[in-house]
C-alpha cells in the first residue's frame, strides 16, 4: 500500500476502544455487568460511536487504532467491532492489543460470589482477529503514504522476538529519515510510562512489555528514521522524549468523544498532532 504524491494528509489515532457485546448469550448478564463495573466502563460502544462521529467530521485520510479494540475475544465481540467500526468513514489500520488476544470466563463460586478469570495462556483461536480486520491476516505489517512510512508492530502477545526484530529492522531500513512512524499497543519505556503504572495502575508490572528492551534498542539504532512511536494500553495520555526517541501514549478513546489524536503530515516532511 503506497501512495507517493508529496501531498499533505491527516490520520487519526484512537486507542483502547474496548468494544463488547453487552448481552452475550453464553454469559450470566448480571455477572458480566458486575465485571464491567469493576472495569470502570459499561458504555464503551456508545462512546466509541461518539468519538467516531467527531473523527468523521475531521475527514482524516485513514485511522489507526492502537489496540484493545474489543474488551475480550469472543465471536460476538468481533462481530460487533466489525459493525461499529464501519461508522468510521476512513480506512482503518489496526494494532493488536492484549485484550484482542485473550479470552475471558465468568462463573459463580459455590457461595454465589462472582469470579472473573482471564485465560492469557490459551487464547480462543477460533475467535481471534484474522483476515478481514488485519491486512492479509498479519499482526505485523507496514504501509506508506506520501513519503511517510507506517510500521505496525505486534507487542501484545508472545512472538518470536528474533524473527520480529529481523522483520522490523528490514522495514526501518527502507524508511526515510524522520518520516517513519511506529505503532504498537504496549509502550516501550518513557518516564511517563513508569509514573503512570505507579500512579494509575498501582505499580502493576503486567502492564510492561517483557521484550521491550530489544525492540527499544533496535529503534534507538535507527533513531534518525523515526518520527514518533505511538502506543496505547495505559488508558492515559503522555508525550515524552527518551534517549532521543519520541513516544506518544494515546488516550483511552472511551474516556470521552475527544480522546483521540489527529495527526497532520505536510508535503515538506514535517508533522504534528492536535
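Among the residues of region 63-79, which ones are out of contact with any helix residue (DSSP H, G or I) (no Cβ under 7 Å at 6 or more places or on another chain) and at pLDDT 90 or above?
64, 65, 66
Condition first: in a strand (DSSP E or B), crowded, with 20+ Cβ neighbours inside 10 Å, free of Cβ contacts under 8 Å to residues at least 60 places away in the same chain and under 18 Å from the mean Cα position of the chain (by Cα). Can you find one or more residues in region 40-56 that meet it?
Scanning region 40-56, I find no residue that is in a strand (DSSP E or B), crowded, with 20+ Cβ neighbours inside 10 Å, free of Cβ contacts under 8 Å to residues at least 60 places away in the same chain and under 18 Å from the mean Cα position of the chain (by Cα), so the answer is no.
Can residue 161 be described as buried (at least 17 other Cβ atoms within 10 Å of the Cβ), at pLDDT below 85 and under 20 Å from the mean Cα position of the chain (by Cα)?
no
Go through 242, 248, 200 for me and flag whichever is more than 25 Å from residue 164 (Cβ to Cβ) and either modelled with pLDDT under 85 or surrounded by 15 or more Cβ atoms within 10 Å (Cβ to Cβ) (or both).
Every option except 200 fails the conditions.
Could you tell me which residue of region 227-239 is surrounded by the fewest Cβ atoms within 10 Å (Cβ to Cβ), considering only residues that are touching a strand residue (DSSP E or B) at 6+ places or on another chain (Cβ under 8 Å) and not in a strand (DSSP E or B)?
237
The values are calculated or read from the model by the stated rules, or taken from the named source; none is laboratory data. Everything numeric here is computed off the predicted structure, so don't read it as measured data. Don't worry about glycine lacking a Cβ; one is built from the backbone with ideal geometry, like all the others, and counts go over all protein chains shown.
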